[in-house]
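Encoded as C-alpha cells, the structure appears first; notes follow it.
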Amino acid sequence: GGWGPLMVSKPHQLNTLAPAFAYPIVVYEQVAGMDKKYIGLLHTMYRGCKGLVALAIQSGAFSGANRLRAYFTNMPDIQPLPKERCVPTAQDIIGWTRSEMPPWYQKAFPSGVFNTLNTKSLQSKASLERMGEFIKEHLVEKTKDGKGPLIDAEGVYVFKTNPVLDKQQRDEYKKHHKEIKRFNYVPKKNGLPRALKSTERCQVMGFQKMHLDGFGNLSQELSTPDGAQMIGDSFDVPTMAHVLAPLKSLQEVGVVHSLGPPVGEGITVLSLFDGMSGAAAALSAAGVKVARVIIVELEAKRIEVSRCAWSHLFPGVTKEAGTLVEHQGSIEDLVQKVVTLQYIRDLVLKKQNGISGIDLVIGGSPCKQISGFSRRCALGLSGPDSQLFFTFSHILGWVVDAYKELAIDRERSDLKEQLAEALRKADRSK
C-alpha cells in the first residue's frame, strides 16, 4: 500500500532506506511479531515513530535472553549481527565448571547457555522443594544401607549416571525438566536446583552484577519480585548496546549530526519509560559518553535504581549538578503538566547549564497487551498499558518538530550571513 518496508532483519538494510529524519537519533524498542495480526500494529508503530523502519533482532545472539524485539531507529551504520552466539553461560555466572554441573542441569542446558524466556516468572518455594525431593529420591545414588541419598566429602549429592525410572517417574521428570529450563535453575552447593539470584539475573540480561542494587547506593534493598519485574521489563543490554554502538564513532569525530551541538564531551539523552536504566547500561557498554539525562518513569523504586545507575556509570551525570533530571509519575499526566511541548522546545532550543539539544530519544513503552496480541489478547495498542506508545509518539513528534524549526532558523541565519558577506565583498570592490 505504498508504505515500503516496515521491518527489516539485517542492519545494512536500514542504510539503504532514506531516513525519515536525521535528528534526533531515536531508538524505540517493542515486542516483534511475525504473523499477519502483527502487521497492523507494525503500521501504527511505524507511523507513531514518524516513519522509522524497525530492525528485528533476536537477542539470543547476544545474551541468555531469547527475545525477538523490533528496534525502530534512524541510527546509521549499525554493524552486522554476530554469527556466533556470545552469551553468558552458567559457568560464567555461578563459577562452576562444566564437568561439575549435575546431570539434571546438563540435560536442561546442553550448551551451558541459559534460556531466559520469561524473566518475570518466579516459581513457588514449595514447587522448588518438591523438585529437590524428586531429584534426591530418583536421580541420586543411595547410601550402602539404602536409607538415604549419598553425599560426597564436600557435601555434594552423588548423582546416578543412568537413573532407571518407570513411566510415572519419567513423566514427572519431564515436568521438572521443563520447569528447570523455564526458570533457569542452577545448582546449589549440594547440587540441587535453586533460582537465580537478582545479581545473577542482572548478568544474564547483560547488566553489571550490582546494577539492581544501585551499585550499593539504594536506600532500601529491593524485594525479589520487584527485582524480577524490573529485569523482565528492561532492555536486553548487549542487544541495545549493539544498536547504540555507532554513537561512539560519531562522538569520536565530535558531532552526532550537523543540527546537534558538539557532543565530544557527551550527548544529551531523553529516556522515556526509563525503568531500571537499561539505556544507561547499554550506552555505557557501547562506550558512549553522556553529559545530560532526562528520565521519565512511573515508579519511585525504579527512579532510585535508575538514578544510582546513571550516576555510577556516568559520574558527571547527577541531580546535584543539574545533569540528571527526573520526572516521576504517569507519563500521560506528565505531558500535561511538566514534560510539555514548551518544555521539550526549551530543551532543544535553549541552553541549560551550558547544554542544549536532545541527541538521543530512547524508550520502550509497556508491551503487556502487545506481547500477547496474537495468542490471548486482542487489545494490542489499545490496551491500558500498551497505549502509552502514543504518548511516546507525541513527545518524539515535539522533539522532531523542534529540530525542524532549528534547521529552518539556521538556514535563515546562513542565508543572512551569505548575503552580508556578499554585500561586504561588493563594498570592498568599489
ask   = With the other protein chains left in place, how much accessible area per residue, in square angstrom, belongs to segment 28-68 at a 1.4 angstrom probe?
value = 33 Å²
inquiry  = Using +1 at the C-beta of Lys and Arg and -1 at the C-beta of Asp and Glu, which of VAL253, VAL140, LEU81 has the Cα lying farthest in the positive direction of the dipole of the chain?
reply    = VAL140
message = Quick check on my link table: of LYS301/LYS337; LYS136/LYS181; LYS36/LYS83; LYS125/LYS189, which ones sit more than 25 Å apart, alpha carbon to alpha carbon?
response = LYS36/LYS83
query = What 222 nm value per residue comes from the helices of the chain, counting each DSSP H run with n ≥ 4 as -39,500 (n - 2.57) and dividing by all residues, nearest 500 deg cm²/dmol?
reply = -12500 deg cm²/dmol
key: Gaussian network model of the chain, Cα within-10 Å springs - most flexible of ALA321, ALA241, ALA153   = ALA153
ask   = Given H placed 1.01 Å from N in the peptide plane, which residues other than close sequence neighbours of GLU141 have an amide H under 5 Å from its amide H?
value = LEU150, VAL158, PHE159, LYS160
inquiry  = Given a 1.4 Å probe and heavy atoms of the protein chains only, how would you sort VAL288, VAL156, largest accessible area at the top?
reply    = VAL156, VAL288
task = Would you grab the residues whose amide H sits under 5 Å from the one on PHE235? Only those 5+ places off in sequence or on another chain, please, with H modelled 1.01 Å from N.
result = GLY278
query = Using r as the Cβ-Cβ distance of LYS181 and LYS36, and R0 as 25 Å, what FRET efficiency do you calculate, to the nearest 0.05?
reply = 0.25
Accessible surface of segment 216-300 [probe 1.4 Å, protein heavy atoms]: carbon and sulfur percent = 50 percent
remark   = In order over segment 317-328: 3J(HN,Hα) from phi, Karplus 6.51/-1.76/1.60, θ = phi - 60°, whole Hz, x for each Gly or Pro, gives 9, 9, 5, 4, 7, x, 9, 10, 10, 10, 10, 9
message = I'm spelling it out carefully: the read-out is Cα extents along the principal axes in Å, the candidates are (i) 115, 50, 40; (ii) 75, 54, 30; (iii) 105, 75, 46, and one was derived from this structure. Which label?
response = (i)
query = Taking a ≥ b ≥ c as the square roots of the eigenvalues of the Cα gyration tensor of segment 136-238, is the shape rounded (a/c under 1.5), prolate (a/b larger than b/c) or oblate?
reply = prolate
request  = Filter the cross-link list LYS10/LYS37; LYS10/LYS248; LYS209/LYS404; LYS107/LYS167 down to pairs whose alpha-carbon distance in this structure exceeds 30 Å.
outcome  = LYS209/LYS404
remark   = Placing +1 on each Lys and Arg Cβ and -1 on each Asp and Glu Cβ in segment 266-381, then taking the dipole about the Cα centre, the residue among ALA291, CYS367, ALA309 whose Cα reaches farthest towards the positive end is CYS367
ask   = Can you give the net charge of the other residues whose Cβ lies under 15 Å from the Cβ of GLU200, counting K and R as +1 and D and E as -1?
value = +4
task = Check the straight Cα-Cα distances from LYS425 and name the aspartates and glutamates below 14 Å, setting aside those fewer than 8 residues away within the same chain.
result = GLU417
key: Computed magnitude of the charge dipole of segment 296-397 (debye, nearest 20; Cβ of K, R +1, Cβ of D, E -1)   = 180 debye
message = Let's see if you can work this out: charge +1 on each Lys and Arg Cβ, -1 on each Asp and Glu Cβ, no other charges. What is the dipole magnitude of the chain about its Cα centre, in debye to the nearest 20?
response = 940 debye
request  = Would you list, by chain and number, the aspartates and glutamates whose Cα falls below 17 Å from the Cα of LYS142, excluding same-chain residues fewer than 8 positions away?
outcome  = GLU133, ASP152, GLU154
query = Want the number for GLU100 to LEU68: 0.36 nm per residue separation, take away the alpha-carbon distance, what's left?
reply = 8.3 nm
remark   = With Cα springs under 10 Å, the Gaussian network model of the chain assigns the largest mean-square fluctuation among ASP359, ASP226, ASP274 to ASP226
request  = For THR323, enumerate residues with amide H under 5 Å from its amide H, sequence gap 5+ or separate chain, H modeled in the peptide plane.
outcome  = THR318
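The values are calculated or read from the model by the stated rules, or taken from the named source; none is laboratory data. Since this is a predicted model, take the numbers as computed values, not measurements. Note that we place each Cβ from the backbone using ideal geometry, even for glycine, and neighbour counts take in every protein chain shown. Heads up: the accessible areas ignore ligands, DNA and RNA and are worked out on the full protein's heavy atoms, side chains in. Shrake-Rupley method; radii C 1.70, N 1.55, O 1.52, S 1.80 Å.
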